[in-house]
1. Express in nm, to one decimal, how much length is gained between Ser147 and Ile15 on full extension, taking 0.36 nm for each residue of separation and deducting their alpha carbon distance.
2. May I ask you to compute the full-extension gain from Asp118 to Val88, defined as 0.36 nm times their residue separation minus their alpha-carbon distance, rounded to one decimal in nm?
3. Write down the accessible area per residue of the stretch 45-146 in Å², having rolled a 1.4 Å probe over the full set of protein chains.
4. Starting with the highest mean, order 117-126, 132-141 by the number of other Cβ atoms within 10 Å, averaged over the residues of each peptide.
5. What does the helix-only formula give at 222 nm for the chain: each DSSP H stretch with n ≥ 4 adding -39500 (n - 2.57), the total divided by the residues, and the result rounded to the nearest 500 deg cm²/dmol?
6. State whether the chain is rounded, prolate or oblate according to the following rule on the C-alpha gyration tensor (a ≥ b ≥ c being the square roots of its eigenvalues): a/c under 1.5 gives rounded; otherwise a/b larger than b/c gives prolate, and the remaining case gives oblate.
7. Please list, in order along the stretch 105-119, the HN-Hα scalar couplings obtained from phi with the Karplus expression 6.51 cos²θ - 1.76 cosθ + 1.60 (θ = phi - 60°), rounded to whole Hz, x for Gly and Pro.
8. Quick one: helix 50-62 against the long Cα principal axis of the chain, what's the angle to the nearest 10°, folded into 0 to 90?
Amino acid sequence: MKTALFTGTFNPFTIGHADIVERALKIFDRIVIGIGYNPDKSTKEGFMSPEIEERVAKIRKVYENDSRVIVEAYSDLTVDLAERHKAVAIVKGVRSIKDYEYERDQADFNKLLSDGLDTILFYSRPELSALSSSMIRTLEMFGKDVSKFLPSGKGKE
């Protein structure tokens, strides 16, 4: 069974993220969505705060009928999560050159810290390339309806 990781803070998990999962499932048998604790992006409460637990629950709801997707939070290195799940690769989404450069640096480090763990980049679909979690948080702050940018919560078998 070929397992890949899809990691991020997913605050919130968007239809862009869901698109990457669906595309990666065409290549891999299983996807582990790892919600990483990033002290620069996470709440002051730290790892497994109610906010992170809520994100895990929301993403699990999206994939509740798809046994190929596992969702969990983690606070160690991505390569450690990969080792626990015997992942053969990390998948990441890229919207821009800025994303590419960041992900390339992460991929290089992950490869150095592991036994050659590769990262596979999925370029955003053009209609989703402007979508970001931070933009959605901003829209929510101004009271806008963001539901069209979020997965419906109905998983696939």
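1. 46.5 nm is the gain from fully extending Ser147 to Ile15.
2. 10.1 nm
3. About 64 Å² of surface per residue is accessible.
4. In descending order of packing, they fall as 117-126, 132-141.
5. -11000 deg cm²/dmol
6. Since a/c stays below 1.5, the shape of the chain is classed as rounded.
7. 4, 4, 4, 4, 5, 4, 5, 5, 7, 10, 8, x, 4, 8, 10
8. For 50-62 against the chain, the angle is about 80 degrees.
The values are calculated or read from the model by the stated rules, or taken from the named source; none is laboratory data. Please read these numbers as outputs of a predicted model, since none were measured by experiment. When we count neighbours, we look across all protein chains shown, and the Cβ atoms used for this are built from the backbone with ideal geometry, even at glycine. Surface areas here come from the heavy atoms of the whole protein model, side chains and all, with no ligands, DNA or RNA. Shrake-Rupley method; radii C 1.70, N 1.55, O 1.52, S 1.80 Å.
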